[in-house]
Amino acid sequence: MTSPPPTALHAEPGQAPELLTVPQVMARLQLGRSAVYDLLRAGQLASITLGRARRIPTHALTDFIHTRLEQDAAR
């Protein structure tokens, strides 16, 4: 079984953004489950809820990373 090809962080116009699961975000940020949920609770990382499932749009993850980079650069 092969893994799917990497996708763009922002969806093309007319396409819905890719939604990531919490474990996928954990892997991309190399953080634990509690740390990711802390970011979600604090509003630092945007997400949507579909039923009981939490999903993070790729653009929200990208925005979070850019914001943190800018904050660190300002120090």
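Each value in this text was obtained by applying a stated rule to the coordinates, not by laboratory testing. Values in this document were obtained by computation on a predicted structure and should not be read as measured data. Backbone-built Cβ (ideal geometry, glycine too); neighbour counts: all protein chains shown.
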What full-extension length gain, to one decimal in nm, is calculated for Gln30 and Ala53 as 0.36 nm per residue of separation minus the Cα-Cα distance?
6.2 nm
Please compute the length gained on full extension between Gln71 and Gln44, using 0.36 nm multiplied by the number of residues separating them and subtracting their Cα-Cα distance.
8.5 nm
Once Lys and Arg are counted +1 and Asp and Glu -1 for all other residues with Cβ under 9 Å from that of Val22, the total becomes +3
